[in-house]
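Colleague: This is the structure, below, for whatever I ask next.
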């Protein structure tokens, strides 16, 4: 009897324990476990939209989207997951270690499918869709992927895409950006990322205990990003890049009246599709390349101007009445300034302002600059837009630098990269002479010099370069600041234009190589000394001469004499003629 009583007591205690546990699970913690159960059977599948298109001025897509097929797995217990990954790897004939690593790296929560392979191709996607009947937990997601129909064309204008970094995430978290977002780096992709980025949607659905689909619970449609139309002409852009031929430098073609950038090529460059295809080795090499392929030399490169600055000196001297159009100086190949010999590249004889521009006579401009004064040269350089960014819509535009005796005196100078340049020294006549031919204390960008030359193409107006024409179908060109008059005398503009035309038409003109073109053009070459390295080669001009339609700047980094740049400019103009683009 005692054993029966003990057994009964034990059974009663066990029953009380089971009842108390059931009460605790179903009543006390019932809500908690019900929520866990719901979450366990509900899955959330993001539905990405497409990034906004970037097109040229004629609507030709430069950066668009194409369909990509991504493989995702539903989170499940480890034994079932191992079997799913093994089945997937056999179907795709791939090593399952990579899939396991991708699952571990991309896992976020039990309710969120995990991407383990991207852009697998439509044939593999179909094979996996068939596998889904036997192996639960597989999802094939159609994802819009950035696509560049013309490869690396206009790479520096476009920029590239990558996963958001910590610095950007810190700055942009309040605008809806989050970890692992794909954002723009450089170019339009970065400057207009907020407009271009898509609004992600999603699907919530219920699965059974084996991860099989049961029913749809909700759907939020994704929204594509806003489309952007640029002022670029894709045909002219391709011509510019082709004729630049991979040489280090840049080409800019601009409308001299509106400031529309028609083409902007920079080399060496990079291929934006590399960042979509995730070719890590190629990308790493680009970042470590000492040639700096990510630098847009058209707006971020700063260089001595060389002889193309002489048109600013000419304008300053004529406007301040330090010389007249009839003033002449004799060039015998050099001039003595401050006890030092300053050489010219040739012996030009008697030169007036137009002839001196055509022949790029240093002696004439040494003497003209000294008459004009360094402070006047500085002031007119600023008037022509030098020493500060031109405010184009692209990121990382440099401002260059222009010095003067006053800035030297107060130990201050326009800053580039936060570093004061040319500060702390006395100013001498030799400094003025150097500045007069675009050397010494002067750094400019190719975009600034293109803008400067547009003043003489359009009759005295300083335009604001811009590259964005429309956003989401709305014309934004009206938001660009209107061109401002520099109040140059009509004679000043005309005499300088004559010199620029003479550089092409005269036998001794520095751009005479362009005289054979069927479209009359004008311009100025420049050979900017760099010290030990080979000189930089410049050509900045406009065409047709009488009614200019385009301003062109060709800059070759360490390209030698300015003649080399004028040859490239001629090739571009000739190609544009053949394509009926002028």
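All of the numbers you see were taken from the coordinates with simple rules; none came from a lab. For clarity, every value in this text was computed on a predicted model and none was experimentally measured. Cβ: placed from backbone, ideal geometry, glycine included. Neighbour counts: every protein chain shown.
Colleague: Report the antiparallel proportion of the DSSP beta bridges in the chain as a percent, rounded to a multiple of 5. Spell out each step's value before the answer.
Modeller: Working: 77 of 80 bridges.
Here the antiparallel bridges make up roughly 95 percent for the chain.
Colleague: Okay, next question. Could you put 242, 352, 95 in order, starting from the residue whose Cβ has the fewest other Cβ atoms within 10 Å? If you can, show how the numbers build up before the last one.
Modeller: Details: 242 14, 352 18, 95 10.
Arranged by neighbour count, lowest to highest, 242, 352, 95 become 95, 242, 352.
Colleague: For the chain, what does -39500 (n - 2.57) per DSSP helix run (n ≥ 4), summed and divided by total residues, give at 222 nm, in deg cm²/dmol to the nearest 500? Kindly include the intermediate steps, with their values, before the conclusion.
Modeller: Numbers: 21 runs with 211 residues, N = 582.
Computed mean residue ellipticity for the chain: -10500 deg cm²/dmol.
Colleague: Label residue 180 and residue 533 with points 7 Å out from Cα along Cα→Cβ: what is the distance between them in nm?
Modeller: For residue 180 paired with residue 533, the spin-label model returns 4.3 nm.
Colleague: Further question on the same structure: Cα centroids of region 98-143 and region 244-277: how far apart, whole angstrom?
Modeller: Taking the Cα centre of each part, region 98-143 and region 244-277 sit 39 Å apart.
Colleague: Also, I was wondering about something else. For region 234-578, with equal point scatterers placed on the C-alpha atoms only and solvent neglected, what are the log10 I(q)/I(0) values from the Debye formula at q = 0.11 1/Å, to two decimals?
Modeller: Computed log10 I(q)/I(0) values: -0.69.
Colleague: For the chain, what does the alpha-carbon gyration tensor say about shape, rounded, prolate or oblate, given a ≥ b ≥ c as the root eigenvalues, a/c under 1.5 as rounded, and a/b over b/c as prolate?
Modeller: Values: a/c = 3.43, a/b = 2.76, b/c = 1.24.
Judged from the Cα gyration tensor, the chain comes out prolate (a/c at least 1.5, a/b above b/c).
Colleague: Ranked by Cβ crowding within 10 angstrom, fewest neighbours first, how are 361, 344 ordered?
Modeller: Numbers: 361 27, 344 21.
Arranged by neighbour count, lowest to highest, 361, 344 become 344, 361.
Colleague: Tell me, what is the percent relative contact order of the chain, built from C-alpha pairs under 8 Å that lie six or more residues apart? Numbers along the way, then the final one.
Modeller: Working: 1254 pairs, mean separation 77.2, N = 582.
With pairs under 8 Å counted, the relative contact order is 13 percent.
Colleague: Expressed as a whole number of Å, what is the distance separating the alpha-carbon centroids of region 379-398 and region 67-95?
Modeller: The distance from the Cα centre of region 67-95 to that of region 379-398 comes to 54 Å.
Colleague: While we're here: Fewest first, what order do 553, 331 take by the number of other Cβ atoms within 10 Å?
Modeller: Details: 553 29, 331 23.
Neighbour counts put them in this order, fewest first: 331, 553.
Colleague: Further question on the same structure: Assign one of three labels to region 296-335, namely rounded, prolate or oblate, based on the Cα gyration tensor with a ≥ b ≥ c the square roots of its eigenvalues; rounded applies when a/c is under 1.5, prolate when it is not and a/b is larger than b/c, and oblate otherwise. Spell out each step's value before the answer.
Modeller: Values: a/c = 4.54, a/b = 1.81, b/c = 2.52.
Oblate.
Colleague: What is region 484-549 by shape, rounded, prolate or oblate, if you read a ≥ b ≥ c off the alpha carbon gyration tensor as root eigenvalues and call it rounded for a/c under 1.5, prolate for a/b larger than b/c, and oblate otherwise?
Modeller: Details: a/c = 2.18, a/b = 1.33, b/c = 1.63.
It comes out oblate by the Cα gyration axes.
Colleague: Here's a follow-up. By how many degrees, between 0 and 90 and to the nearest 10, does the Cα long axis of helix 362-372 differ from the longest principal axis of the chain?
Modeller: Roughly 90 degrees between the two axes.
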